[in-house]
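FYI, it's all coordinate maths here, none of it is from the lab. Computed from a predicted structure; not experimentally measured. Glycine also receives a Cβ, built like all others from the backbone with ideal geometry; neighbour counts cover every protein chain displayed.
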Amino acid sequence: MKLKKLLILIAVVSFGMAAQDDVVLRVKAIGKASPQIIEKSRARAAAFRAAKIEGYKKIATAAGFSQTYQLGNQKYVRVEAFLTGARIVDTRYITDYEVEVTMEIPKSQLVQQVIKVKKNAYEMQISETKHQIRAVQDQIQQLNLKLSELKEMLKKLEVKANEES
């Protein structure tokens, strides 16, 4: 069973060579349209869009943008990425409601996009951390002001206590 899954995975996500001798990531994805769509041209278009989305999900997963988590007895894969530039090199209409596309993206282009996404994520984290540091510094400043006020009140109370004794 494991060997069968491995062979399917190799068939679905494979590496090839592009015209410029750049390694490409090639994926096959199937998209299905809702059977409630009556007009065949709309169903084909919806299935094509679904196949493209599935293709990009597979590319993003191969690039490391997926997280697997479990809810109860079911495993889910969450993909968070915005990737562009994959070419559709083959389209096969299985039915009017089902389409298979083969997409490929040069590895160098994918790596550039991964670096850009990761860099943006780190910059956002740095920005959030700076914001949190500023908030803590503001709180410290407010506490120092309060402490100064309390010290001033304490001096006044000491002076008043000395006058009364």
Inset, instruction - Considering every residue within the stretch 74-91, establish whether at least one is among the acidic types (D, E), surrounded by 10 or more Cβ atoms within 10 Å (Cβ to Cβ), more than 30 Å from K40 (Cα to Cα) and out of contact with any Leu (no Cβ under 9 Å at 6 or more places or on another chain). - result: yes
Legend entry - Criterion: more than 30 Å from I59 (Cα to Cα) and of a type in the set (S, T, N, Q) - qualifying residue of N120, N144: N144
Legend entry - Which numbered condition S34 fails, given (1) assigned to a helix (DSSP H, G or I); (2) small (G, A, S); (3) over 25 Å from V114 (Cα atoms): (1)
Legend entry - F65 in contact with a Gly (Cβ under 9 Å, 6 or more places away or on another chain) and either crowded, with 17+ Cβ neighbours inside 10 Å or of a type in the set (A, V, I, L, M, F, W, C) (or both): no
Legend entry - Long-range neighbours under 8 Å by Cβ, at least six apart or interchain, first residue part of a helix (DSSP H, G or I) within the stretch 102-130, second exposed (fewer than 10 other Cβ atoms within 10 Å of the Cβ) and of a type outside the set (A, V, I, L, M, F, W, C): Q113/T84
Legend entry - Conditions (1) buried (at least 16 other Cβ atoms within 10 Å of the Cβ); (2) under 23 Å from K116 (Cα atoms); (3) in contact with a Gly (Cβ under 8 Å, 6 or more places away or on another chain); number of the one not met by A51: (2)
Inset, instruction - Could you tell me which residue of the stretch 107-161 is surrounded by the most Cβ atoms within 10 Å (Cβ to Cβ), considering only residues that are under 30 Å from R26 (Cβ atoms) and of a type in the set (D, E, K, R)? - result: K107
